[in-house]
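The values are calculated or read from the model by the stated rules, or taken from the named source; none is laboratory data. All figures in this text were calculated on a predicted structure; none of them were measured in a lab. Glycine gets a Cβ as well: all are built from the backbone with ideal geometry, and neighbour counts include every protein chain shown. Calculation scope for accessible area: heavy atoms of the full protein, side chains included, ligands and nucleic acids excluded. Shrake-Rupley method; radii C 1.70, N 1.55, O 1.52, S 1.80 Å.
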There are 2 protein chains.
Amino acid sequence: MTARAEGYATGRARRDQIVESATELFARVGYRHATILQIAQHVGISRTGLLHHFASKEALLEAVLARRDAEDMARFRPSADDGTGLAAMRAWVELSRYNASVPHLVSLYAVLSAEACDPRHPAHDYFAQRYARTVGGFERVLTKAVAAGLLVPGTDPAVEARALVALMDGLQIQWLLDPDPSLMGDVLAAKLQQLLVVPLLDPAVVGRAPG
Amino acid sequence: MTARAEGYATGRARRDQIVESATELFARVGYRHATILQIAQHVGISRTGLLHHFASKEALLEAVLARRDAEDMARFRPSADDGTGLAAMRAWVELSRYNASVPHLVSLYAVLSAEACDPRHPAHDYFAQRYARTVGGFERVLTKAVAAGLLVPGTDPAVEARALVALMDGLQIQWLLDPDPSLMGDVLAAKLQQLLVVPLLDPAVVGRAPG
């Protein structure tokens, strides 16, 4: 490795450490309450050292959110489109169960999304867009499932998309306050099953595009 | 009015003002970020003047939460028990619609409940108990509705209680990010209707205890 390449690798490792510490602190005390100095101390560097990598707390917040999004996307996107929506619905349950293993990230999103309801919060637009995108994505999945004849007749994808996203958010709060490892996944699976005319989690049922 | 009674009345009005300002500030920037000084300035008194009425920020937080609870209770409790759960289910929809008129309170609870997931937050126990009580209350209502034959066969009151409380919480976040006046009430009513074998909002259907 050249000296320059080594420098890049070190810089990257340091950036990762900083994002990790910021994630933990934002989750614990909120974005507004956390300070650059606290995050720097957590990493074991100076405030100036941190500002060399991230020019502001806002830039750090963007990096924290971007990383979580990239991780989620890598984890769940590829396998989730079978043309009928069923694979995606299973992936939502899988995501809920996975979330029970990363309480600090669940907490991060619960705190930040609530804080960000204030239009003056720097992540307000991020969360407004994230919700619009997520609800839209759920609606497309449910619309495919309607077309594939997998849902109870009369199911309204727009209403159910909002309701499912809300359910997942609300269950996170209940779970953070009273951790029961199966709460999020089990309740979500039960509610999805009520929408379906086929068994949600029976591996013998494989979603197929209609026609 | 005697001078002493006047003093009490003035003190009480001042306490109300302080609680009002604290509610607004906790909702906007979170409990952790708000300072006693900011709240005092908002009321137009000194920091010492405020501390004369509330000895600490924690005491103020308790007062804010106690007042909201008292108001909610007065508003919705009396009419809500008809023995079948139906009146209570209607009251939940009414509460959701009412919440659309008090965004600062909705925001307060969204931010505080997320912050309070941290066991070190002064309102942690309050929210843990509040959720246990709310979910328990919903479960009792749904159990009555099962006994009265109003719910779709196979409905599990414990699962549905958690799901409904989560739904209401999650809808609040979506609504705060993208205010649509009917969002919370309409989605909740649609989800409740799916559990019921009678029309939720038809005034001709009056809940009656079975037998």
Residues of region A:87-111 being in contact (Cβ under 8 Å) with a residue 40 or more places away in the chain, under 30 Å from A:ILE36 (Cα atoms) and among the polar types (S, T, N, Q), in sequence order, are A:ASN99, A:SER107
Output for region A:169-182, where each listed residue is more than 7 Å from every other protein chain (Cβ to nearest Cβ) and either surrounded by fewer than 24 Cβ atoms within 10 Å (Cβ to Cβ) or assigned to a loop (DSSP other than H, G, I, E, B) (or both): A:PRO179, A:ASP180, A:PRO181, A:SER182
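Looking at B:THR134, B:THR84, can you tell me which residue is touching a residue at least 12 places away in the same chain (Cβ under 8 Å) and within 12 Å of another protein chain (Cβ to nearest Cβ)? Even if it seems obvious, please write down each step before you answer.
Numbers: B:THR84 fails: within 12 Å of another protein chain (Cβ to nearest Cβ).
After ruling out the rest, the residue left standing is B:THR134.
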With criteria (1) surrounded by 16 or more Cβ atoms within 10 Å (Cβ to Cβ); (2) out of contact with any strand residue (DSSP E or B) (no Cβ under 8 Å at 6 or more places or on another chain); (3) among the aliphatic types (A, V, I, L, M), A:ALA70 comes up short on (1)
I need the full set of residues from region B:39-60 which are of a type in the set (A, V, I, L, M, F, W, C) and not in a helix (DSSP H, G or I), in order please. B:ILE45, B:PHE54, B:ALA55
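Conditions (1) within 28 Å of B:PRO122 (Cα to Cα); (2) assigned to a helix (DSSP H, G or I); (3) among the polar types (S, T, N, Q); (4) within 15 Å of the chain's Cα centre (by Cα), marked per residue:
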residue	(1), (2), (3), (4)
A:ALA27	yes, yes, no, yes
A:ALA34	yes, no, no, no
A:GLU62	no, yes, no, yes
A:GLY83	no, no, no, no
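Looking at A:ARG97, A:ARG75, A:ARG140, A:ARG130 in this structure, which one is farther than 19 Å from A:VAL29 by Cβ, at pLDDT below 90 and open to solvent by 30 Å² or more (accessible area, probe 1.4 Å)?
Details: A:ARG97 fails: at pLDDT below 90; A:ARG140 fails: at pLDDT below 90; A:ARG130 fails: at pLDDT below 90.
Among A:ARG97, A:ARG75, A:ARG140, A:ARG130, only A:ARG75 is farther than 19 Å from A:VAL29 by Cβ, at pLDDT below 90 and open to solvent by 30 Å² or more (accessible area, probe 1.4 Å).
Give the residues of region B:110-127 that are part of a helix (DSSP H, G or I) and open to solvent by 20 Å² or more (accessible area, probe 1.4 Å), sorted by residue number. I'd like the intermediate steps shown before the answer.
Taking region B:110-127 and keeping what is part of a helix (DSSP H, G or I), we get B:110-115, B:124-127.
B:HIS124, B:ASP125, B:TYR126, listed by residue number.
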